[in-house]
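In what follows, a single structure is set out as C-alpha cells and then discussed.
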Amino acid sequence: MSSQNDREYLEHRHHLSAEKARAATDPGVARVHDAFARAYAQRLHQEMPQPPAK
C-alpha cells in the first residue's frame with residue numbers, strides 16, 4: 001500500500017470514527033469511537049508526511 005493510500009485510509013477511518021462518536025446515544029460507545037478517532041488523528045499527524053501544498 002502506498003503512502004497516499006495509507007493517508008486516505010487513516011483519514012477515512014478518522015472521519016468515520018468521529019461521526020460515529022457524535023451520533024452515538026450511549027456515552028460509553030461515544031467514548032470508544034472518540035478514542036479511535038483521536039488515535040487515527042494522532043497517527044496521521046505523527047507518521048504520515050503532509051501532502052504538498054497546492
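Here, each number is a calculation from the coordinates, and none is a lab measurement. Predicted, not measured: the structure shown is a model, and the values here were computed from it. We place every Cβ from the backbone using ideal geometry, glycine too, and count neighbours over all the protein chains shown.
Give the residues of region 1-48 that are among the basic types (Lys, Arg) and touching a His at 6+ places or on another chain (Cβ under 8 Å), sorted by residue number.
Residue satisfying the conditions is Lys20 alone.
I'd like to verify a number: residues in region 17-32 that are part of a helix (DSSP H, G or I) and more than 21 Å from Glu47 (Cβ to Cβ), how many?
Final tally of qualifying residues: 11.
Only residues that are farther than 24 Å from Ser2 by Cβ and exposed (fewer than 15 other Cβ atoms within 10 Å of the Cβ): list them for region 12-31, please.
Listed by number, the residues that qualify are Glu19, Arg22, Ala23, Thr25, Asp26, Pro27, Gly28, Val29, Arg31.
Could you list, ordered by first residue, the pairs with Cβ atoms under 7 Å in which the first is in region 1-16 and assigned to a helix (DSSP H, G or I) and the second is among the basic types (Lys, Arg) and surrounded by 12 or more Cβ atoms within 10 Å (Cβ to Cβ), at least 6 apart or interchain?
Note: pairs meeting the criteria are Leu10/Arg43.
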